[in-house]
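Student: The structure follows.
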Number of protein chains: 2
Amino acid sequence: MHELFAEGQAFRANGRLWIEGPADRFLGIGRLELLEQIQTTGSISKAAKAMGMSYKKAWDLVSSMNAQARQPLVGAQVGGAHGGGAALTPAGTQAVAEFRAMQERFAQFLAAETARLYQ
Amino acid sequence: MHELFAEGQAFRANGRLWIEGPADRFLGIGRLELLEQIQTTGSISKAAKAMGMSYKKAWDLVSSMNAQARQPLVGAQVGGAHGGGAALTPAGTQAVAEFRAMQERFAQFLAAETARLYQ
DNA sequence: TACCGTTATATTGTGAAAAATATAACGCCC
DNA sequence: GGGCGTTATATTTTTCACAATATAACGGTA
């Protein structure tokens, strides 16, 4: 296929991968990174800030994930020591691990397809 | 991972796959379907109508693809018998075949990942 | 020659998604 | 008790991609 490309250009296969339920997206790369930031920072608002995302957007994403999962992925506390906070539940930790692995398999797929472009 | 989902729901892996160059997207599923419609209908405007897309959008996509490829993927004629028309070049036909195959490999990947969700 | 359907291109209108803003409630800590 | 930072939620504003519209040129054909 490389004979189709303009010469000397760096073309590559790229894409997006997600898990969707009957009504809505369940997990994608953005939601995954948000979960990881919540894991790191202990708060939805700090996670949102770290991702350059509005708090409302982050909260809506968390709400969507929690609503679709059998057990919530994120637990939150209002008020208290430093105003409250959020953390991953065991289900959330498991979801992060398994979906991160899925993303890595996808990265392998994309690398193989990119290599095939130049065969 | 299925133990994370709300019971009895139909979750599945889904995604999008494309080929990108240094500046812009080169081929995606929408561009592929547009090329196939041009192949079928012999015109950019008919292809756009068949896809529920504005002519300008379709023309911009064709222009982007032609600009990035070593040889144009679509050839167009202005004026003449029925006002003109468009057709795939040999390079365009090859691009459709190869990228369609790439999409099918991606569909296989998605099916395998969906199956894995319920392992 | 006038007409037609198309390519080619610019400009304007529009609607949906996202950000920004606002407000309330909560519970620890000084 | 008052302040603080957070969650939770609604409303307003902004942005941006896309559609819609407009216009010109082209070259067969009747």
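The values are calculated or read from the model by the stated rules, or taken from the named source; none is laboratory data. Quick caveat, the model's predicted, so the values are computed rather than measured. For neighbour counting, all protein chains shown are included, and Cβ atoms are generated from backbone atoms with ideal geometry for every residue, glycine included. Surface accessibility is based on the protein's heavy atoms, side chains included, excluding ligands, DNA and RNA. Shrake-Rupley method; radii C 1.70, N 1.55, O 1.52, S 1.80 Å.
Student: I'd like to verify a number: residues in the range B:10-41 that are touching a His at 6+ places or on another chain (Cβ under 9 Å) and over 24 Å from B:Arg105 (Cβ atoms), how many?
Tutor: Number satisfying all stated conditions: 0.
Student: Considering only residues of the range B:81-102 that are within 16 Å of DNA strand D (Cβ to nearest atom) and open to solvent by less than 60 Å² (accessible area, probe 1.4 Å), which is nearest to B:Gln39 (Cα to Cα)?
Tutor: Result: B:Ala87.
Student: For A:Ala69, only one of the following conditions fails: (1) in contact (Cβ under 8 Å) with a residue 24 or more places away in the chain; (2) under 12 Å from the mean Cα position of the chain (by Cα). What is its number?
Tutor: (2)
Student: On to the next question. Just to be sure before I move on: is A:Arg70 within 13 Å of DNA strand C (Cβ to nearest atom) and either facing chain B (nearest Cβ under 8 Å) or of a type in the set (Lys, Arg) (or both) in the structure I sent?
Tutor: no
Student: Is it true that some residue in the range B:13-30 is more than 15 Å from the chain's Cα centre (by Cα), away from chain A (no Cβ under 12 Å) and of a type outside the set (Ser, Thr, Tyr)?
Tutor: Looking through the range B:13-30, none of the residues is more than 15 Å from the chain's Cα centre (by Cα), away from chain A (no Cβ under 12 Å) and of a type outside the set (Ser, Thr, Tyr).
Student: Wholly within the range A:1-80, which strands (runs of 3 or more DSSP E) include no fewer than the required count, namely at least 3 residues that are open to solvent by 60 Å² or more (accessible area, probe 1.4 Å)?
Tutor: In the range A:1-80, the matching strands (runs of 3 or more DSSP E) lie at A:74-78.
Student: List the residue pairs whose Cβ atoms are under 9 Å apart, where the first residue sits in the range B:89-107 and is at the interface with chain A (Cβ under 8 Å from one of its Cβ atoms) and small (Gly, Ala, Ser), the second is in a helix (DSSP H, G or I) and open to solvent by 30 Å² or more (accessible area, probe 1.4 Å), and the two are 6 or more positions apart or on different chains.
Tutor: B:Ala91/A:Glu3
Student: Being aliphatic (A, V, I, L, M), over 30 Å from A:Asn66 (Cβ atoms) and modelled with pLDDT under 95 is the filter here; which residues of the range B:1-47 pass it?
Tutor: B:Ala23
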